[in-house]
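In what follows, a structure is listed as structure tokens, so that the remarks can point back to it.
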Amino acid sequence: MGRFKGIYWRTFTVTVGMVALTLVLLGASFFALTYSYIMSEKRGELEDKAEIITQLAVSAYERPDVLQFWGGVSTDLAELLDVAQRMSDTNFLIWMPSLGGYISTDISINNTTFSLPKDITSRLSRGDRYAGTTDLGIYEKPRFVVAVPARTSETGIVVGPVLAIAEPNAMTEMWGAFMGIFGMTAITVLLIAFVATATTTMQQTKPIRDMAAAARRFAEGNFDARVHNTNREDEIGELIDAFNAMADSLQKTEQQRREFIANISHELKTPMTTIAGYADGILDGVISPEEERQYLSIISAESRRLSRLVRRMLDVSQLQSRDLIKQKVPFDLSESMRRALVSMEKKITSRGLDVEVQIPEDPVIVLGDNDLLTQVVYNLLENAAKFADQGSALFLGLDQQGEKAVVTVRNTGETIPAEELPLLFERFHKADKSRSGDKDSVGLGLYIVRTILEQHREKITAASEDGITTFSFTVQLAEEKTKSVKE
């Protein structure tokens, strides 16, 4: 990944770019609005001032006997214009040909041959006002000018325009101050956005980089890597927790895989060593002809044991790859339990066990795989019969608790230590160490039981006290059966 193509730089660029674009758009909009507002205010202000001077000019036109003129211009009017200019910081120009020309508070106009621009005269000739920016043909820089026609009070005749001329300095100073404030604000906001985005993005991307590094360590065979969670309660925190949970599961799976390989190697090694040793002894003549039949029987038994072990391993592999959720169908669990008990009759009789059965006569309809749940009952009965005391009692019961059917298998024998109970369902585990050489046992029966029940989303418990060992597991009752029980 390129240096500037990561999530950090993408998020940072997008966020800062959005902030900058927002500032530009807001600035442009605000500039347009304030410009329109300032121009409108300035125009209104100049029009008001021009109206006042217009009244003076009209008075001078209508009552020349009151105001004394010198050279066609009222000296009193000139003084009044001069006072108005000093008070308002605005130049005025009165254009009245009937009074001998024009008078202005701007000396640069009075000292030149001056004529109004055509765009102003055309507007005034129609009796309209003029407001705009122009250099009047004499200024180096444009100025804001408002021209108001002076009308007589009695006849309404336009006797000439009055111009109010504003220096651009006041407006440019205002715009300069505004732009300075806006520029400083924009820079401050961008800096804050820069720091906040950099910090936030770094906090968002660091756990992702840590997870990527941990994943690479997993690929190298190091399953101890974890991502540190700083008690975050957002989506990143959930991702970290999920990642660490996945890492724990992978580590456990890897540990189970190694243990499985070690256990299977041990379980396969014992019968294969026995078979090879006795076969070599017969071939080499070490074992006498009279003893060959005895040792051939041992070889045959070990071969069958090896076959059972491989078959059980295949059963486990097939169980783990099946999706039993889609294969659940209603069936009568009580009938399946009776069939499993009948198939165990020979083994139960050989050990002289009494059987106590508590199975309802009415059908108990459950949801699941009939064959696999029957195998669960069979494996539990086989395990119970194998480790029950000679001539003791064996119990098989079925009960209903809420929306679950509960199957119980109980025997009387040696008490299993409490610390060993959780290990009963592990692969190749044998609770009775003295029976570790039992030719019929491969240590996978209870593991298959747990695997089948986990596939059904069900649980199994084991308890052992005072020589009585009990296994209980649950099965989901079918919906129609559950409803009938509630009714």
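The values are calculated or read from the model by the stated rules, or taken from the named source; none is laboratory data. Keep in mind that what you see is a predicted model, and the values were worked out from it rather than measured. Cβ sites come from the backbone with ideal geometry, for glycine too, and all protein chains shown count toward neighbours. Quick note on the areas: whole protein, heavy atoms, side chains included, nothing else; ligands and nucleic acids left out. Shrake-Rupley method; radii C 1.70, N 1.55, O 1.52, S 1.80 Å.
In the range 296-344, the qualifying residues are those that are of a type in the set (Gly, Ala, Ser) and at pLDDT below 70, and the one that is most open to solvent (accessible area, probe 1.4 Å) is SER321.
Please count how many residues of the range 211-247 are of a type in the set (S, T, N, Q) and exposed (fewer than 13 other Cβ atoms within 10 Å of the Cβ). Explain how you work it out, then say what you get.
First pass over the range 211-247, keeping only residues of a type in the set (S, T, N, Q): 222, 229-231, 244.
Imposing the further condition that a residue be exposed (fewer than 13 other Cβ atoms within 10 Å of the Cβ) reduces the set to 222, 230-231.
Residues meeting the conditions: 3.
Screening the range 83-137 for strands (runs of 3 or more DSSP E) wholly inside it with 2 or more residues that are in contact with a strand residue (DSSP E or B) (Cβ under 8 Å, 6 or more places away or on another chain), more than 14 Å from ALA150 (Cβ to Cβ) and modelled with pLDDT of 75 or more returns the ranges 130-134. All of GLU414, GLU403, GLU480, GLU420 fail the test of being modelled with pLDDT under 65 and among the charged types (D, E, K, R), apart from GLU480.
Filter the range 267-295 for residues that are more than 21 Å from VAL310 (Cβ to Cβ) and among the hydrophobic types (A, V, I, L, M, F, W, C); which is least open to solvent (accessible area, probe 1.4 Å)?
From the range 267-295, those more than 21 Å from VAL310 (Cβ to Cβ) are 280-295; that's our starting set.
Of the ones still in play, those that are also among the hydrophobic types (A, V, I, L, M, F, W, C) are 282-283, 286-287.
On the way: ILE282: 37, LEU283: 143, VAL286: 117, ILE287: 19 Å².
Once the filter is applied, the top-ranked residue is ILE287.
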